[in-house]
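Q: Quick one: structure below, then a few questions.
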Amino acid sequence: MNKPKRLLTLFTGILLLIVLVACGGTTIPIDEDNMAVIKYPDFPLTGHDKNSWEYLDGSTNLTVNWYVDVASWNPPTGLDVISGIIKQKTGITVVFDTPVTDDGQKLAAMIAGGDLPDVISIPTNRSQTITSLAQQGYVYDINTLAEKWAPTLLTHLPQDVLDWWSYGNGKTYGIPNHYYSYEDVPTGQLQPNGGMMVRKDIFDAWQNHVSTNLKDSNGNVTYTTISGTQKQVPWQGFITTPEGFKQAALWALQNYGSSLTTGLQLSQFRADGSASLNWLSQFFAIPFEDASGNYVYQFTQEAYKDMLFYLNDLYLAGVISPANFTQDYDGVGSVIASGKAFATLVTPQDYQIHFTTARDGGYTYESMYITNSNGDAPVLSDIRGYGYMFNMITTDAKRPDILIKLFDFLTSKEGQRLIAMGPEGTTWNWTNGLDSEIVYTETYLQEKANSQTAKYGLLQFDMLLNWQYYDNVQPKTNHGKTAAELFRTNMKRPLTVYAYDYNAMAFVVDATDKRFQTYNNNLTRIETTIGTQLPKIIRANSRQQAESIYNSTVSAIEARGLSLIIEMNSEAYLKAKQKLGITIAWPPNQVGYINPLNRLQPNGDTSKYRGY
């Protein structure tokens with residue numbers, strides 16, 4: 001397909017804002033839905049009487065270039081058993097590519113050069129980039145591709161997942177991975193997405209110190225809050241208060257300084273901020289909705305401001321290291337792997353190998369929580385959601401009719417089982433019929449015990465993986481998992497008691513809205529401003545200076561069009577709740593909410609650990 005070369009403007013190294021005007025002055029046609037007009041190739045339509053990929057005879061011999069815009073993602077080798085079976089079934093060989101760093105520049109160069117790969121995968125939290133690619137005609141919509149060449153995809157992909165990512169024109173422009181469809185999610189709470197971890201040996205020593213030196217005859221610790229009032233908590237939970245955690249971290253640095261470089265390790269600071277602030281806002285129970293169910297913008301809330309000032313206080317006290325603000329992913333991981341942080345506030349699954357390395361080196365980390373000064377229970381987002389990465393077929397792809405069949409296979413339960421568990425009969429069998437729990441074969445378990453399973457490539461080709469389906473059918477006993485794998489499975493599981501459905505906050509702003517381009521530009525400027533100012537607020541020389549920087553930041557984002565952001569976010573938030581069938585999304589405001597806070601369990605509920 002011949003298309004004009006289009007320009008791309010790169011903001012903040014991560015956020016891509018794709019413009020309408022081509023290099024040669026050619027304007028991309030926009031339809032009445034505010035989306036680019038896309039011409040689909042004229043390949044023969046595919047029938048409905050069998051799975052779409054079964055129309056391929058395996059002789060296609062198509063090489064697909066698939067770009068995953070995440071530096072830390074490890075692609076399959078292409079020599080593994082699973083890649084071979086995909087090739088046998090579809091005739092497709094997939095060649096994956098990833099960037100060296102997560103600065104967005106590689107994808108920007110591809111778009112600016114007018115040479116996109118066949119498939120692009122982008123983290124779903126970069127919704128502006130995803131929406132811009134769709135709006136400006138860089139990617140096909142899944143609905144049309146499926147209707148033409150993979151009709152069975154519309155039965156294999158859960159409807160709520162397809163609908164969630166649709167815009168006002170009813171079209172969805174990609175398929176996510178690691179999604180949790182409501183048709184698969186079991187009853188009860190799921191584990192949280194983020195989590196706070198603490199070095200167990202130092203935590204235990206601190207708790208012994210509190211029990212011996214700080215608790216009174218009633219088993220409580222009396223302390224002065226940030227606001228200057230006196231409070232009491234059971235001694236076990238003193239560390240879960242903001243004041244107690246600061247005291248514990250300083251004690252740890254004083255007594256274990258030779259093995260520590262920081263009291264609290266935060267995630268890397270990117271151009272748009274740090275994930276740690278998102279997790280801390282959840283521990284501090286900062287609401288995203290008011291009592292009437294209206295969307296609330298968090299940064300301008302008083303509670304969010306106080307959270308930033310708490311981090312500033314930790315920085316001034318020496319709990320947060322200055323080095324934290326210049327560390328990249330590997331730098332943060334190195335601190336964790338060497339056990340040099342007393343506590344961490346990162347996304348644990350993103351650093352699971354580093355936590356495992358620390359454990360193997362004698363520095364085991366375990367979960368803990370922290371509350372706000374009021375003592376409200378944490379309100380954490382659970383692991384569910386509508387995807388981690390969004391996979392899109394680009395309009396540069398020569399055979400979108402075949403690619404959508406690959407998407408269909410990978411989305412089907414047959415494909416899901418292959419990706420997650422390997423070939424049936426070789427690595428696993430059913431215990432009681434289709435979609436029951438599986439059992440691994442003795443051959444596989446022996447290979448697993450001998451570290452000989454890498455050849456299969458399990459869970460590597462996970463770009464369209466429905467994680468909850470895999471979790472539902474995986475074996476609960478005789479699973480062959482190592483102690484290290486079980487450790488990674490259970491890292492933040494005790495915090496499940498504080499985890500809730502946050503799907504309403506994963507709303508999709510409608511790109512077909514005529515206001516969208518202004519919204520997108522405003523949001524880019526606002527997120528860039530906040531991302532630039534956050535480290536300055538935390539590293540301010542005093543509370544007074546931190547407050548001054550914060551106030552100037554609020555003024556700046558208001559001047560950059562914050563009102564439109566709040567207006568359109570509010571509309572998208574309301575539509576998201578309508579899709580979910582709820583009117584109130586903030587858990588403490590929901591009918592039946594029971595405060596789960598238990599200061600006697602500072603690590604959470606360890607009975608939530610599981611053996612598979």
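The values are calculated or read from the model by the stated rules, or taken from the named source; none is laboratory data. Everything numeric in this text was worked out from a predicted model, so none of it was measured. Quick reminder, even Gly has a Cβ in these numbers, built from the backbone with ideal geometry, and neighbours come from all protein chains shown. Calculation scope for accessible area: heavy atoms of the full protein, side chains included, ligands and nucleic acids excluded. Shrake-Rupley method; radii C 1.70, N 1.55, O 1.52, S 1.80 Å.
Q: Restrict the check to region 488-497 and report whether at least one residue is closer than 27 Å to Pro158 by Cβ, of a type in the set (S, T, N, Q) and free of Cβ contacts under 8 Å to residues at least 40 places away in the same chain.
A: So far as region 488-497 goes, no, none of its residues is closer than 27 Å to Pro158 by Cβ, of a type in the set (S, T, N, Q) and free of Cβ contacts under 8 Å to residues at least 40 places away in the same chain.
Q: Here is a follow-up. Filter region 538-570 down to residues that are part of a helix (DSSP H, G or I), closer than 29 Å to Val509 by Cα, in contact with a helix residue (DSSP H, G or I) (Cβ under 8 Å, 6 or more places away or on another chain) and not polar (S, T, N, Q), then give me how many there are.
A: The total comes to 7.
Q: For Leu464, state whether it is aliphatic (A, V, I, L, M), in contact with a Ser or Thr (Cβ under 7 Å, 6 or more places away or on another chain) and not in a strand (DSSP E or B).
A: yes
Q: Something else about it: Got a sec? Which of Asp313, Asp376 is in contact with a helix residue (DSSP H, G or I) (Cβ under 9 Å, 6 or more places away or on another chain), under 29 Å from Ala546 (Cβ atoms) and in a helix (DSSP H, G or I)?
A: Criteria check complete, one pass: Asp313.
Q: Restricting attention to region 110-168, report how many residues are part of a loop (DSSP other than H, G, I, E, B) and of a type in the set (D, E, K, R).
A: Within region 110-168, residues that are part of a loop (DSSP other than H, G, I, E, B) and of a type in the set (D, E, K, R) number 4.
Q: Those residues that are more than 22 Å from Gly174 (Cα to Cα) and open to solvent by 70 Å² or more (accessible area, probe 1.4 Å), I need them from region 56-96; list them, please.
A: Across region 56-96, the qualifying residues are Asp57, Ser59, Asn61, Thr77, Leu79, Gln88, Lys89.
Q: Does Thr77 satisfy being modelled with pLDDT under 95 and within 24 Å of the chain's Cα centre (by Cα)? Talk me through it step by step, then tell me what you get.
A: Values: modelled with pLDDT under 95: yes; within 24 Å of the chain's Cα centre (by Cα): no.
Judged against the criteria, Thr77 is not a match.
Q: Quick one: count up the residues across region 227-250 that are over 33 Å from the mean Cα position of the chain (by Cα) and within 16 Å of Asp201 (Cα to Cα).
A: The qualifying residues number 0.
Q: Would you mention how many residues in region 146-158 are more than 21 Å from the chain's Cα centre (by Cα) and surrounded by fewer than 21 Cβ atoms within 10 Å (Cβ to Cβ)?
A: So in region 146-158, the residues more than 21 Å from the chain's Cα centre (by Cα) come out as 146-156.
Okay, now just the ones that are also surrounded by fewer than 21 Cβ atoms within 10 Å (Cβ to Cβ), so 147-148, 151, 154-155.
Counting residues in region 146-158 that are more than 21 Å from the chain's Cα centre (by Cα) and surrounded by fewer than 21 Cβ atoms within 10 Å (Cβ to Cβ) gives 5.
Q: Among (1) over 30 Å from Thr371 (Cβ atoms); (2) open to solvent by 20 Å² or more (accessible area, probe 1.4 Å); (3) assigned to a helix (DSSP H, G or I), where does Leu486 come up short?
A: Evaluating Leu486 over (1) over 30 Å from Thr371 (Cβ atoms); (2) open to solvent by 20 Å² or more (accessible area, probe 1.4 Å); (3) assigned to a helix (DSSP H, G or I) leaves (1) as the failure.
Q: From the list Gly422, Gly361, Gly433, Gly415, which residue is on the phi > 0 side of the Ramachandran plot, in contact (Cβ under 8 Å) with a residue 24 or more places away in the chain and among the small types (Gly, Ala, Ser)?
A: Gly422
Q: From the list Ala540, Ala511, which residue is surrounded by 18 or more Cβ atoms within 10 Å (Cβ to Cβ), over 21 Å from the mean Cα position of the chain (by Cα) and at pLDDT below 95?
A: Answer to the check: Ala511.
Q: Out of everything in region 579-612 that is under 19 Å from Ser381 (Cα atoms) and of a type in the set (S, T, N, Q), what residue ends up being surrounded by the most Cβ atoms within 10 Å (Cβ to Cβ)?
A: Asn603
Q: Tell me, yes or no, whether region 436-453 has at least one residue that is under 25 Å from the mean Cα position of the chain (by Cα) and open to solvent by less than 10 Å² (accessible area, probe 1.4 Å). Please lay out each step first, then the result.
A: Taking region 436-453 first, the residues under 25 Å from the mean Cα position of the chain (by Cα) are none.
For region 436-453, residues under 25 Å from the mean Cα position of the chain (by Cα) and open to solvent by less than 10 Å² (accessible area, probe 1.4 Å): absent.
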